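The values are calculated or read from the model by the stated rules, or taken from the named source; none is laboratory data. In this text the structure is predicted, and so the values were computed from the model without any measurement. A quick note on method: Cβ atoms are made from the backbone with ideal geometry, for glycine too, and the neighbour counts reach across all protein chains shown. Please note that ligands, DNA and RNA were not included when accessible areas were found on the heavy atoms of the full protein model with its side chains. Shrake-Rupley method; radii C 1.70, N 1.55, O 1.52, S 1.80 Å.
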Amino acid sequence: MSGDEKKLESLKRRYGRAVAAPGGFGGPGGPGPGGPGRRRASMAKGTPKNSRETVRRLLKYLNEDKAKMALAFFCVIVNTAATLAGSYMLRPIINQYIAPADGTRGDVAGLAGALAFMAVIYGLGVVANYAQAKVMLTVAQNALQKIRNDLFAKMQTLPVRFYDTNSNGDLMSRFTNDVDTVGQMLSNTLVQLFSGTLSIIGTLCLMIYTNIYLTIVTIIMVPVMMKAGGAVAKRSQKYFSAQQESLGAVNGYVEETITGQKVVKVFCHEDTAKEEFGLLNRDLRDNQIKAQFFGGIMGPIMGNLSQINYSLTACVGGLLCVWRNFDVGGLTVFLNFSRQFSRPINEISMQISNVFSALAGAERVFAIMDQEPEQADDKDAVILEPMKGHVTLDQVTFGYRPGKVILKDISLYAKPGQKIAFVGSTGAGKTTITNLLNRFYDIQSGSITVDGVDIRHLNRNHLRQNIAMVLQDTHLFTGTVRENIRYGRLDATDEEVIQAAKTASAHSFIMRLPKGYDTMLEGDGANLSQGQRQLLNIARAAVSKAPILILDEATSSVDTRTEKHIEHGMDRLMAHRTTFVIAHRLSTVRNADAIMVLEQGEIIERGNHDELLELKGRYYELYTGLKELD
């Protein structure tokens, strides 16, 4: 394997087939020390493994529209019957009104009447075809709506570990590209497969009725056509699956590169990014060429075989007209039927590629739906009203992956109004502790209690509603400033929103915005500075009124002057709350009631600022600058 091939495989593992087998979190690519934010690819292959099961699950989404589907298929029957009847009418028209067998002159008036009746029949078929197309489009879109709703709802139930180990771009690809291919199959392919099958059966019956000998000639070609179509379909299935995987990898890489574009430019990574994208794009191109080639070659192959069938039928039919007095109208109709007979076979064969593409996409969607959701609450889960905020960690041990311990025998106690700070090197386990408090992950041993109740016995939503977090990475939603602050508590009044903003020292800059609190934020608050975005996140935490507050590098995005400016507001925010602070700026934790110094998952020192300085240990080294904080 060449260097480019190895690099391509590495990129596809990272950005492509990201969703693991159902329940398969925490594989080799799971999160490591330092918690979320490290996306890896622990993926299963995207080739459809059980097409029958996938089809069965797709059909479930059509159950509520059975009546509409029945109407659509009835319209297909009417359209097919009208097409066959109109075609067969050529025989009596030719034999009676154009070229009568007795040699008499044709009947123009009778011909006009017969043609008018034929037009009515074909018109009925056109109306039925229009009706089925409209009805099936409605059915397909209803099914897609349910699939998207189920997919989105499922993603809300998945644990944080799932998002730590999967590419955002690949997940988005499942919402868009994969769901769209399913929609294409439901709206068009199903009807065409049914219509084609019905047309084949009806045409075959009329062919037998018209002339059994010519029917035998046509039927002889069917196994040849089916063999050729099956061979091509078998190859196309593999390449359509590969195409969907490559598309997910490209989307994942593009999403990550665009999100981190500033980092790309700062480190002059443009050429490498272009090279890596080129490899993924070239792989997508190659797989698309193969998939589209084998999907597109089906038509010409079946068309040529159809022409051979037509020629053989015309030759044999001509001989029957000469030697067996077969009527010219019958030969004309049969030649038309021979084309109609091969056309649905051709169309069905061509639709096979769409079916495989849709099944590959559907399986990728169902792969997410089959993931194990976040562990359900106990049946007797407790709701503490009100929650006060007494937090205890007793000999907590935890690791993201089996066999690799991140936290070792962590014990601490915090009560309302206390500020507990965590300091230490990157990867020491500071963020991991906050993840455990929120039950984003469950501990392996030990216990974490709130107000004396083990959090594993607390209602998870209730627990999280009583914990406010201000993360290092800010995130604002599309909407107004007011709506983004109110995200912390949806029933907060406008006065409470404003008070929260004042608490976070955000009110003054908000009032300078074009529309104040009604200013629309887009693109994750792109029209604000990083510091301003963080202030809104702090205001969001303030409005929640949660008794437990977690500040994960909350002031890392603001300058020293702004940090000093909001210290009083933060003190007000933390006044009656149990607060956990993660900070690299040790100046921000000087007033903490207790400081926990972590190294390699263990608390090696604890005490307040003055006590730790007197120890002249690790904290003293960090604070005085004798040893840099990693």
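Quick notes on this one:
- Here Pro100 meets the list (1) out of contact with any Lys or Arg (no Cβ under 9 Å at 6 or more places or on another chain); (2) assigned to a helix (DSSP H, G or I) almost entirely, failing just condition (2).
- Within segment 399-408, restricting attention to residues that are out of contact with any Lys or Arg (no Cβ under 9 Å at 6 or more places or on another chain) and on the phi < 0 side of the Ramachandran plot, the residue that is most open to solvent (accessible area, probe 1.4 Å) is Pro402.
- Options Phe152, Phe117; residue that is open to solvent by 60 Å² or more (accessible area, probe 1.4 Å), among the aromatic types (Phe, Trp, Tyr) and under 21 Å from Leu58 (Cβ atoms): Phe152
- So Ser508, is it open to solvent by less than 50 Å² (accessible area, probe 1.4 Å) and either in contact with a Ser or Thr (Cβ under 9 Å, 6 or more places away or on another chain) or of a type outside the set (Val, Ile, Thr) (or both): no
- Look at segment 523-547: where a residue is free of Cβ contacts under 8 Å to residues at least 24 places away in the same chain and a partner is among the small types (Gly, Ala, Ser), sitting 6+ places away or on another chain with Cβ atoms under 9 Å, you get Ser529/Ser557.
- For segment 197-219, the set of residues classified as farther than 27 Å from Phe74 by Cα and touching a helix residue (DSSP H, G or I) at 6+ places or on another chain (Cβ under 7 Å) consists of Asn211, Tyr213, Leu214, Thr215, Val217, Thr218, listed by residue number.
- Qualifying residues in segment 587-611 (those that are at pLDDT 90 or above and among the hydrophobic types (A, V, I, L, M, F, W, C)) - the one surrounded by the fewest Cβ atoms within 10 Å (Cβ to Cβ): Ile604
- Scope segment 409-426; condition part of a strand (DSSP E or B) and open to solvent by less than 80 Å² (accessible area, probe 1.4 Å); matching residues: Ile410, Ser411, Leu412, Ala414, Lys419, Ile420, Ala421, Phe422, Val423, Gly424
- Qualifying position, being of a type in the set (Lys, Arg) and at pLDDT 80 or above, among Arg17, Arg91, Arg40, Arg13: Arg91
- Residue check, Gly229 of a type in the set (Gly, Ala, Ser), under 33 Å from the mean Cα position of the chain (by Cα), in a helix (DSSP H, G or I) and under 28 Å from Asn129 (Cα atoms): yes
- Any hit, segment 114-127, residues being farther than 19 Å from Thr83 by Cβ and at pLDDT below 90: no
- Every test in (1) at pLDDT 90 or above; (2) more than 20 Å from Val160 (Cα to Cα) is passed by Asn466 save one, and that test is (2).
- Qualifying residue in segment 394-411 (condition: within 16 Å of Ile467 (Cβ to Cβ), among the charged types (D, E, K, R) and at pLDDT 85 or above): no
- Unique residue being aliphatic (A, V, I, L, M), at pLDDT 85 or above and either under 20 Å from Asn354 (Cβ atoms) or touching a Phe, Trp or Tyr at 6+ places or on another chain (Cβ under 6 Å) (or both) when the list is Leu214, Leu280: Leu280
- Every residue from segment 369-390 that is under 16 Å from the mean Cα position of the chain (by Cα) and either surrounded by 23 or more Cβ atoms within 10 Å (Cβ to Cβ) or among the polar types (S, T, N, Q) (or both): Gln371
- Some residue of segment 313-330 being part of a loop (DSSP other than H, G, I, E, B) and surrounded by 16 or more Cβ atoms within 10 Å (Cβ to Cβ): yes
- Among all residues of segment 298-305, there is none that is outside any helix (DSSP H, G or I) and within 45 Å of the chain's Cα centre (by Cα).
- Helices (runs of 4 or more DSSP H) contained entirely in segment 124-184, each with at least 2 residues that are in contact (Cβ under 8 Å) with a residue 12 or more places away in the chain and polar (S, T, N, Q): 168-173, 179-184
- Residues in segment 223-270 that are in contact (Cβ under 8 Å) with a residue 40 or more places away in the chain, of a type in the set (A, V, I, L, M, F, W, C) and open to solvent by 80 Å² or more (accessible area, probe 1.4 Å): 1 in all.
- Being over 19 Å from Pro386 (Cβ atoms), among the β-branched types (Val, Ile, Thr) and touching a residue at least 12 places away in the same chain (Cβ under 8 Å) is a property that Val470 has.
- Conditions (1) open to solvent by less than 30 Å² (accessible area, probe 1.4 Å); (2) free of Cβ contacts under 8 Å to residues at least 40 places away in the same chain: number failed by Leu490: (1)
- Test: residue in segment 512-527 that is under 28 Å from Gln261 (Cα atoms) and surrounded by 22 or more Cβ atoms within 10 Å (Cβ to Cβ): no
- Answer residue from segment 294-312, given it is free of Cβ contacts under 8 Å to residues at least 24 places away in the same chain and open to solvent by 80 Å² or more (accessible area, probe 1.4 Å) and is nearest to Ile219 (Cα to Cα) among those: Gln307
- Taking segment 427-531 and the helices (runs of 4 or more DSSP H) fully enclosed by it, the elements with 2 or more residues that are within 22 Å of Gln375 (Cβ to Cβ) are at 430-437, 460-465.
- Enumeration of residues in segment 374-393 that are at pLDDT 90 or above, in a strand (DSSP E or B) and not polar (S, T, N, Q): Val391, Leu393
- Within segment 419-454, the set of residues being hydroxyl-bearing (Ser, Thr, Tyr) and in contact with a strand residue (DSSP E or B) (Cβ under 8 Å, 6 or more places away or on another chain) comprises Ser425, Thr431, Thr432, Thr434, Tyr441, Ser445, Ser447, Thr449.
- Evaluation of His457 against (1) in contact with a strand residue (DSSP E or B) (Cβ under 8 Å, 6 or more places away or on another chain); (2) surrounded by 20 or more Cβ atoms within 10 Å (Cβ to Cβ); (3) on the phi < 0 side of the Ramachandran plot (one fails), failing number: (2)
- Test: residue in segment 176-189 that is of a type in the set (Ser, Thr, Tyr), over 16 Å from Pro344 (Cβ atoms) and under 18 Å from the mean Cα position of the chain (by Cα): yes
- Residue in segment 340-348 that is at pLDDT 85 or above, surrounded by fewer than 23 Cβ atoms within 10 Å (Cβ to Cβ) and farther than 30 Å from Ile147 by Cα present: no
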